[in-house]
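Input: a single structure, listed below in structure tokens.
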Amino acid sequence: MKFNKKQQGLFKKDASMIIPTFKSLNNGGMFLRKNIIITLLLVNFSISTNYLHAQQDQKGITSAANEAFIRYEYANAAKLYEKLVERNNKNLFAVSRLAYCFKEMNRYDEAEKYYQMAISLPGVGNADWLYYGDILKSNGKYVAAKEIYNEYKQRSDSVNVKNRMIGCDSALSWIKHPDGYNIENVAYLNTTKSDWGAVYNPYTNSIVFVSDSLRNTKKNFFQKTFSESLYGWTDNNFQKIYTQSTNRDDAFSNRIHEIDPNINSFDYHTGPVVFSPGYDSIYFTVTHPGIDPVLKQKADKKGKSSGINYTTNRLEMYLSTFNKTGQWNKPEPFPYNNPNAYSVGHAAMSTDGKVLYFTSDMPGGIGGLDIWYCERLITGNWGLPKNCGANLNTKDDEAFPVIAPNGNLYFASKGHIGMGGYDLFVSAGEKNKWTKPINMGYPLNSSGDDFYYFAKDDSSGFFASNRKGGLGSDDIYQFVTTEPITIFHPNGLLVLETKVIDNATKQPIADAALETQNTNSDVQWKQKSNYDGLNWHEAEANSPYAITVCKKGYYSSIVAINTKDAYTDTFRLVIPLDNQGGTKPTPRVYKLNDPITSLHEGDKFRLNNIHYDFDKDNIRPDAALILDTLVDILKQYPTMIIELSSHTDSRGSDQYNYNLADRRAKSAVAYLIRQGIDRKRLVAKGYGEMMLLNRCSNGVVCSEPEHQENRRTEVRILKL
């Protein structure tokens with residue numbers, strides 16, 4: 001059970017459940033016991049099995065099962081739906097709900113049994129077919145899963161199952177050709193419950209991990225600071241953070257300990273953790289319960305809400321620093337926590353500590369769960385969250401990010417092509433620029449959920465999985481490899497792929513002439529596009545190129561690129577050409593910092609912020625900075641010829657303004673020549689007040705900002 005399951009449906013936007021508050025019941029450390037029967041007439045709540053028995057007496061099995069189900073107490077609900085199915089195995093509602101409960105608890109064998117039963121019943125919904133395919137895939141039955149996905153496609157197209165089906169074929173291939181990883185179950189950390197999220201702390205030579213096993217205090221010599229209440233989703237305890245020394249020879253240090261009372265003091269789930277580069281602070285994840293007003297209102301109308309908190313539980317992140325007494329300080333909340341609206345959790349940190357990555361379903365994302373990042377400001381605070389981009393995130397879920405010592409990002413995804421459930425992926429880059437993620441393959445990935453890959457170094461580390469053959473629901477595994485997966489880093493050579501198309505029809509253009517020039521080294525080559533409009537050539541990484549494209553019957557185009565923006569081993573570029581038989585392309589006006597895909601003759605750059613002193617034509621330092629950007633563009637497009645024009649407002653005589661504008665244009669051209677631009681490529685032209693952009697002609701009263709709009713410098717492309 002993971003992320004959106006492990007922590008109470010936390011990243012499901014409609015995730016809501018009833019969470020009782022234990023403080024009033026626990027009085028002085030007394031804990032709720034399974035064998036104590038408490039009814040709603042005596043107490044306000046209970047999440048034990050006895051609560052369900054009380055509800056059965058009052059409302060019947062179906063009503064009690066449904067109430068547990070809407071609270072995401074799947075373990076409790078499954079026991080009741082199972083009774084209904086035993087009485088009537090044709091009860092589609094009960095069969096479907098029971099299958100779903102087992103799916104959410106990651107009990108895939110039972111889920112498969114009941115989904116198979118569900119699809120044989122009349123009136124079964126399309127969702128059951130989709131879930132049945134997912135369960136078959138999670139059970140490694142790839143051929144059968146593809147058949148079910150095909151059946152789903154015939155019934156519904158609401159969910160695209162293409163990647164699911166490709167994953168079935170890929171899984172069979174990966175299993176036949178395993179990668180060079182040796183994996184082993186870390187039996188001394190694992191239990192029959194859920195154990196995951198292992199990270200290594202070299203300062204204490206220990207492993208820090210997450211578990212819902214509620215380790216026995218007498219055996220492990222720590223003082224427990226949290227309750228023994230059960231989590232209705234799994235019927236296990238809430239997850240907490242533990243630490244284990246890797247010194248196997250010392251009897252005491254070999255014990256598993258609670259990480260710290262300050263960290264584990266939260267009532268619900270806690271973990272996983274990420275250490276800062278100096279290992280003197282940690283970010284960790286906790287579950288935040290809050291009142292759900294919609295469910296509360298519905299409950300009030302039915303008169304059932306007395307004493308019961310209807311909540312939506314979401315994740316938050318907290319920071320704690322290590323003090324001189326050897327304890328972790330009181331945790332402080334991450335500034336962008338907003339549990340009333342979305343979740344923020346599962347932090348990862350760049351090797352220099354300047355970028356914090358995390359998973360969230362906050363607005364503005366690409367899919368359900370996305371990986372986001374914040375940059376550390378010079379004040380020490382974190383800047384606003386930004387999405388890591390569509391190369392990393394999909395319309396489905398991406399979670400559990402971890403940054404390796406070499407800077408690579410490891411994460412788990414349900415959206416990229418995988419073997420089943422969550423698969424492990426690796427990508428190179430930073431912030432919102434990442435290589436296309438690579439599936440880690442078999443045996444690191446399996447048909448189950450594989451997640452939280454932590455690399456100690458280039459060849460060893462830990463990950464978690466609920467694959468068959470483990471000790472519990474989630475187990476910690478360690479890996480060793482002599483053949484680590486390599487990712488392309490754009491620091492050598494790459495393939496430059498161009499595709500020339502008709503801008504109107506979007507069809508490929510064959511035999512287009514391409515002239516490509518490295519504007520740093522002046523190395524150039526000439527080629528033609530093939531039948532599919534494609535052309536390939538080897539290019540240098542981290543280098544600027546200008547590509548001129550010509551074809552009889554089309555207007556020529558020139559494109560400037562820089563392969564430093566390449567995050568795969570192939571830089572792909574589509575170049576559209578406008579047909580001369582159609583409408584001539586309307587000249588476009590750019591600002592210098594606008595993204596440029598292609599340029600045409602007649603296009604303009606508008607330099608609105610070049611200012612001159614009154615009645616002067618010399619280039620001020622602030623204007624020089626803007627003209628330097630123009631220098632870069634002219635170097636990117638080495639054959640471009642431009643007209644650089646200067647314009648004034650209408651104040652003053654027409655002749656005065658014309659002369660002033662002409663001097664200013666020539667002054668700007670002279671500056672460009674001093675920066676190494678060939679004089680033959682530059683034409684200076686002063687227009688004065690002849691080409692006003694607004695109503696502010698002679699005699700019209702205008703504001704200063706309106707006059708400023710007309711005082712500008714423009715660059716028009718005369719020839720490419």
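The values are calculated or read from the model by the stated rules, or taken from the named source; none is laboratory data. Model, not experiment: these values are computed from the prediction. Cβ: placed from backbone, ideal geometry, glycine included. Neighbour counts: every protein chain shown.
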Test: residue in the stretch 617-633 that is part of a loop (DSSP other than H, G, I, E, B), modelled with pLDDT of 85 or more and of a type in the set (A, V, I, L, M, F, W, C): no
Residue match in the stretch 514-529 (condition: closer than 21 Å to residue 407 by Cβ, part of a loop (DSSP other than H, G, I, E, B) and not assigned by TED's automatic domain parsing to the domain that holds residue 170): no
Verdict on residue 375 being assigned to a strand (DSSP E or B) and more than 12 Å from the chain's Cα centre (by Cα): yes
One residue from 439, 445 being within 26 Å of residue 572 (Cβ to Cβ), in contact (Cβ under 8 Å) with a residue 12 or more places away in the chain and either in contact with a helix residue (DSSP H, G or I) (Cβ under 8 Å, 6 or more places away or on another chain) or charged (D, E, K, R) (or both): 439
Any hit, the stretch 499-512, residues being in a loop (DSSP other than H, G, I, E, B) and closer than 27 Å to residue 202 by Cβ: no
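Results for (1) closer than 25 Å to residue 467 by Cβ; (2) in a helix (DSSP H, G or I), shown as yes or no for each residue.
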{"site": "90", "(1), (2)": "no, no"}
{"site": "97", "(1), (2)": "no, yes"}
{"site": "101", "(1), (2)": "yes, yes"}
{"site": "106", "(1), (2)": "yes, no"}
{"site": "110", "(1), (2)": "yes, yes"}
{"site": "115", "(1), (2)": "yes, yes"}
{"site": "121", "(1), (2)": "no, no"}
{"site": "124", "(1), (2)": "no, no"}
{"site": "135", "(1), (2)": "yes, yes"}
Selection count where residues are of a type in the set (A, V, I, L, M, F, W, C) and out of contact with any strand residue (DSSP E or B) (no Cβ under 8 Å at 6 or more places or on another chain), scope the stretch 530-555: 0
Test: residue 649 is buried (at least 19 other Cβ atoms within 10 Å of the Cβ) and either out of contact with any strand residue (DSSP E or B) (no Cβ under 7 Å at 6 or more places or on another chain) or not in a loop (DSSP other than H, G, I, E, B) (or both): yes
The stretch 676-720, subset of a type in the set (D, E, K, R) and in a loop (DSSP other than H, G, I, E, B), residue farthest from residue 643 (Cα to Cα): 695
Subset of the stretch 363-377 (residues that are more than 13 Å from residue 397 (Cα to Cα) and of a type in the set (A, V, I, L, M, F, W, C)): 374, 377
One residue from 517, 507 being at pLDDT 80 or above, more than 23 Å from residue 720 (Cα to Cα) and more than 32 Å from the chain's Cα centre (by Cα): 507
Conditions (1) at pLDDT below 75; (2) under 20 Å from residue 461 (Cα atoms); (3) charged (D, E, K, R): number failed by residue 179: (1)
The one condition in (1) over 21 Å from residue 106 (Cβ atoms); (2) buried (at least 24 other Cβ atoms within 10 Å of the Cβ) that residue 395 fails to fulfil: (2)
Selection from the stretch 339-353 of residues that are part of a loop (DSSP other than H, G, I, E, B) and either in contact with a His (Cβ under 8 Å, 6 or more places away or on another chain) or farther than 10 Å from residue 288 by Cβ (or both): 339, 341, 342, 350, 351, 352, 353
Matching option when the condition is farther than 21 Å from residue 174 by Cβ and either touching a strand residue (DSSP E or B) at 6+ places or on another chain (Cβ under 6 Å) or among the β-branched types (Val, Ile, Thr) (or both), among 412, 404: 404
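Residue-wise test of (1) buried (at least 20 other Cβ atoms within 10 Å of the Cβ); (2) free of Cβ contacts under 8 Å to residues at least 24 places away in the same chain; (3) of a type in the set (Ser, Thr, Tyr).
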position: 520; (1), (2), (3): no, no, no
position: 535; (1), (2), (3): yes, no, no
position: 539; (1), (2), (3): yes, no, no
position: 542; (1), (2), (3): no, no, no
position: 551; (1), (2), (3): yes, no, no
position: 554; (1), (2), (3): yes, no, yes
position: 563; (1), (2), (3): no, no, yes
Residue under evaluation residue 187, criteria (1) at pLDDT 90 or above; (2) farther than 25 Å from residue 443 by Cα; (3) part of a loop (DSSP other than H, G, I, E, B), criterion not met: (2)
Filter pass, residue 283 being farther than 23 Å from residue 475 by Cβ and either modelled with pLDDT under 90 or within 25 Å of the chain's Cα centre (by Cα) (or both): yes
Condition met for residue 182 (in contact (Cβ under 8 Å) with a residue 12 or more places away in the chain and crowded, with 16+ Cβ neighbours inside 10 Å): no
Selection count where residues are crowded, with 16+ Cβ neighbours inside 10 Å, over 40 Å from the mean Cα position of the chain (by Cα) and modelled with pLDDT under 90, scope the stretch 57-87: 1
Qualifying positions in the stretch 154-179 - buried (at least 18 other Cβ atoms within 10 Å of the Cβ) and either charged (D, E, K, R) or part of a helix (DSSP H, G or I) (or both): 164, 165, 167, 168, 170, 171, 174
